[in-house]
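> I have a structure I would like to understand better, so I am pasting it below and will then ask my questions one at a time.
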Amino acid sequence: MANNIKRYIITGAPGTGKSSVLNELMKKGYACFSEVSREIIKKQQELGGDLLPWRNLKDFAEECYNKMLTDCENAQKGINFFDRGIPDIIAYLKRRNLEISTFYFKKLDCYEVHVFFCPVWSEIFVNDPQRAESFNEALILEKHLLETYQSLGFKIYKMPFVNVNQRIIKIENIIKNEKI
């Protein structure tokens, strides 16, 4: 990875404010990559396809992986933020007790080891057509995400239960103060 390209993951269970943070970071001029899984789900729903996590998680995960690798390759010079990362795929597969192919572990170094984690927050949690998980399922997924990122050696910075702008200030301060 080139030294002048930094790739940070913003992750967490569904409905935790990741996309809102990413949208604000984009407004501030950062290179941001939207959630691949949401894009795939939306397209499959429009097409009436079955490449959906609740129908075909194995193939859905592989499609997410391929698109995430493309996003990593398309990172720009400077700081880049990603709404979810490859470790999210591993966590979702673990959650469903599915086999995890070794290729999922081969490109994890495309990201920085610092991850910004948005915890489940009942006050902002909502469902939508692409986010079908219940609040309780979100809590279970959060546990798997945390365990996965920790086991893979990522340093997790949990975002506080504050508004989007305050979360962005925290992210920028961490990046600046950690000199990462």
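A short reminder: the numbers here are calculations on the coordinates, not readings from a lab. Treat the numbers as computed from the prediction; the structure is a model and nothing was measured. Every residue, glycine among them, receives a Cβ derived from its backbone with ideal geometry; neighbour counts consider all protein chains shown.
> I'd like to verify something in the chain: which complete DSSP H helices, judged by Cα projection on the helix axis, reach 20 Å or more and average at least -1.0 on the Kyte-Doolittle scale?
Answer set is 57-73, 135-151, 164-178.
> Also: How do 33-41, 66-74 rank on mean C-beta neighbours within 10 Å, highest first?
33-41, 66-74
> Would you mind computing, in nm to one decimal, how far apart the modelled labels at residue 162 and residue 139 are, each placed 7 Å from Cα along Cα→Cβ?
2.6 nm
> Lone cysteines in the chain, going by a 4.7 Å Cβ-Cβ cut-off?
So, 32, 64, 118.
> Quick one: net charge of residue 23's neighbours, Cβ under 14 Å, K/R +1, D/E -1?
+2
> Then there is this: In nm, give the distance between the simple-model label positions of residue 122 and residue 151, each being 7 Å from the Cα along the Cα-to-Cβ direction.
Distance between the two pseudo-spin positions: 2.9 nm.
> Provide the FRET efficiency to the nearest 0.05 for the residue 104-residue 56 pair, computing r from the beta carbons and using R0 = 25 Å.
0.90
> What nm value, rounded to one decimal, do you get for the distance between residue 39 and residue 27 when each label is placed 7 Å out toward the C-beta?
2.2 nm
> By count of other Cβ within 10 Å, fewest leading, how are 26, 159 ordered?
26, 159
> Please list, short to long, the whole-number percent of alpha-carbon pairs of the stretch 5-178 in consecutive 5 angstrom bins beginning at zero.
Computed distribution, short to long bins: 1, 8, 18, 22, 23, 16, 8, 2, 0, 0.
> As an exercise, find the ratio Rg/Rh for the stretch 15-73 from alpha-carbon atoms, using the Kirkwood inverse-distance average for Rh.
Rg/Rh: 1.03.
> If you build a Gaussian network model of the chain, linking Cα atoms that sit under 10 Å apart, which residue out of 168, 156, 124 swings the most?
124
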